[in-house]
Amino acid sequence: MIPIIKPGDEVITVSHSFIATANVVKYCGATPVFIDVDPATFNIDPALIEAAITPKTRAILAVHQMGMPCDLAAIVKIAHARGLLVVEDAACAIGSEILWNGQWEKIGKAHGDIACFSFHPRKIMSTGDGGMITTNNKDWDAKCRLLRQHGMSVPDTVRHGSAKVIFESYPIVGYNYRMTDIQAAVGREQLRRLPEIVARRREIADQYRRLMRDIPGITVPENPSWARSNWQSFCVRLPSNLDQRDVMQTMLDAGVSTRRGIMCSHREEPYRDARRSGSLEHSEAAQDHCVVMPLYGQMTDADIQAVAQSLRSACDVAARAA
Ligand SMILES: Cc1ncc(COP(=O)(O)O)c(C=O)c1O
């Protein structure tokens with residue numbers, strides 16, 4: 001079978017993501033080409049894609065960062081015009097929605113060519129670890145099924161359930177990428193609860209927005225008109241004169257645990273010399289000036305208010321120190 005991304009290919013993506021996004025390009029022997037993000041959504045800026053395309057470009061790897069859908073309509077339009085594939089890093093985006101031809105559709109429907117989800121414990125739907133791939137491409141579907149189970153042409157479950165004797169074959173070198181049945185059982189139950197999980201996260205995000213919007217200098221995240229985030233993460237932007245670490249430390253001292261903005265891969269050793277097209281200033285600013293608030297379904301109104309109050313106080317302390 002022909003590899004989809006092969007050595008020598010270039011893949012346009014963002015540095016501003018968990019390092020796994022860049023690593024998967026490297027695993028294929030291909031070159032990630034980093035472009036900047038839109039500061040409003042923390043997602044790949046479609047306006048920067050054209051300038052990054054070269055004769056070696058094969059795909060755009062678009063990350064739905066923190067659950068916020070990318071501007072897929074713009075990305076897919078460019079990709080179709082230039083003969084490129086669209087791979088969606090949907091690790092954080094289960095249950096997120098996008099307005100597609102006038103309809104709200106879930107991320108994972110066939111908008112790009114293939115979408116990859118994560119069920120890592122930090123994600124809103126978890127099976128302990130593992131993930132899911134969705135695609136409309138029948139050949140890739142077949143290939144993924146082969147790769148996940150040692151290249152086995154007919155899965156053991158199908159053979160054992162068959163009234164006819166079936167002998168399997170092994171047409172390619174595969175892997176053990178199976179999820180255990182126990183994990184899958186947990187996942188199916190979570191999937192059933194996903195609408196209520198997402199609805200609750202959206203309520204908390206709305207409350208956070210109301211309570212944090214008027215904190216001096218703070219920018220709260222908003223859905224663009226064409227997207228509905230699952231609010232896997234609620235990431236606020238601090239004014240640039242406030243020290244991110246100080247704000248986080250003051251909140252931690254008050255019992256509120258936060259995380260800094262999403263990392264930039266080009267600042268890590270394996271990607272220091274990585275190819276980039278244009279400046280990555282918005283990516284770096286997002287890492288350095290943003291803070292991710294705690295958000296989980298069991299939060300009470302009092303918890304939500306306490307977090308907002310602690311952000312307000314921490315910003316006040318940091319502003320006085322600035
Ligand atoms: C944007 C993004 N891509 C990829 C991954 C990797 O997912 P996994 O750990 O399930 O391989 C993560 C998080 O873990 C992520 O946040």
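Can you give the extra length, in nm with one decimal, that the chain gains between TYR175 and LEU147 once fully stretched, where that is 0.36 nm per residue apart less the Cα-Cα distance?
Using 0.36 nm per residue and subtracting the Cα-Cα distance, I get 9.5 nm.
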Most mobile listed residue (GLU168, GLU268, GLU88) in the chain, GNM with C-alpha springs under 10 Å: GLU168
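Kirkwood hydrodynamic radius, computed over distinct alpha-carbon pairs, for region 229-322: how many Å, to one decimal?
Numbers: mean 1/r = 0.0685 Å⁻¹.
When all Cα pairs of region 229-322 are included, the Kirkwood radius is 14.6 Å.
In µm²/s, what is D for region 184-248 at 4 °C and 1.567 mPa s, where D = kT/(6 pi eta Rh) by Stokes-Einstein and Rh is the Kirkwood radius from Cα pairs?
Result for D is 93 µm²/s.
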Region 81-145-region 251-322 distance, computed between alpha-carbon centres (Å): 26
Distance between modelled label sites at GLU281 and ARG122, nm, 7 Å Cα→Cβ extension: 2.8
Förster radius 41 Å - calculated FRET efficiency between ALA184 and LEU252 (Cβ-Cβ, nearest 0.05): 0.65
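Please report, to one decimal in angstroms, the Kirkwood hydrodynamic radius of region 54-143 built from all distinct Cα-Cα pairs.
Working: mean 1/r = 0.0736 Å⁻¹.
Computed over Cα pairs of region 54-143, the Kirkwood hydrodynamic radius comes out at 13.6 Å.
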Largest to smallest principal axis extent of the C-alpha atoms in region 133-203, angstrom: 52, 27, 20
Alpha-carbon radius of gyration plus Dmax, which is the widest Cα pair, for region 1-128 in Å: 14.0, 41
Note, ³J(HN,Hα) from phi for region 85-101, Karplus 6.51, -1.76, 1.60, rounded to Hz, x at Gly and Pro: 8, 10, 9, 9, 7, 9, 3, 9, 10, 5, x, 6, 10, 9, 7, 10, 6
Above-threshold pairs, the threshold being 23 Å between Cα atoms, out of LYS109/LYS138; LYS77/LYS106; LYS26/LYS56; LYS77/LYS123; LYS56/LYS77: LYS77/LYS123
Spin-label model distance (nm) - GLU168 vs ASP288, 7 Å beyond Cα toward Cβ: 5.2
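Grab the eigenvalues of the alpha-carbon gyration tensor for region 158-294, scale each by 5, take roots, and send me the semi-axes largest first in whole angstrom. Mind showing how you got there, number by number?
Details: eigenvalues 343, 118, 43 Å².
For region 158-294, the semi-axes come out at 41, 24, 15 Å.
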Convex hull volume per residue in cubic angstrom - Cα atoms of the chain: 153
Difference of contour (0.36 nm per residue) and Cα-Cα distance, TRP226 to GLU269: 11.9 nm
Where labels lie 7 Å past Cα in the beta-carbon direction, separation of LEU194 and ALA51 in nm: 3.7
Gained length - ASP303 relative to ARG202, 0.36 nm times residue gap less alpha-carbon distance: 34.8 nm
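Taking a temperature of 20 °C and a viscosity of 1.002 mPa s, what whole-number D in µm²/s does Stokes-Einstein yield for region 12-57 with Rh from Kirkwood over alpha carbon pairs?
Details: Rh = 11.2 Å.
D = 192 µm²/s.
When you count, for each residue, the other Cβ atoms within 10 Å and take the mean per peptide, how do 215-223, 47-55, 118-126, 175-183 rank with the highest first? Intermediate values should be presented prior to the final figure.
Numbers: 215-223: 16.6, 47-55: 14.1, 118-126: 18.1, 175-183: 11.9.
The most tightly packed comes first, giving 118-126, 215-223, 47-55, 175-183.
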Positive-end residue of THR300, GLN287, VAL317, charge dipole of region 271-317 with Cβ unit charges: GLN287
222 nm mean residue ellipticity, helices alone, for the chain (DSSP H n ≥ 4; -39,500 (n - 2.57); rounded to 500): -11000 deg cm²/dmol
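No value in this document is a laboratory result; all are computed from the given coordinates. It should be emphasised that the depicted structure is a prediction, and the values quoted were computed from it without experimental measurement. All Cβ positions, even for glycine, are placed from backbone atoms using ideal geometry, and neighbour counts span all protein chains on display.
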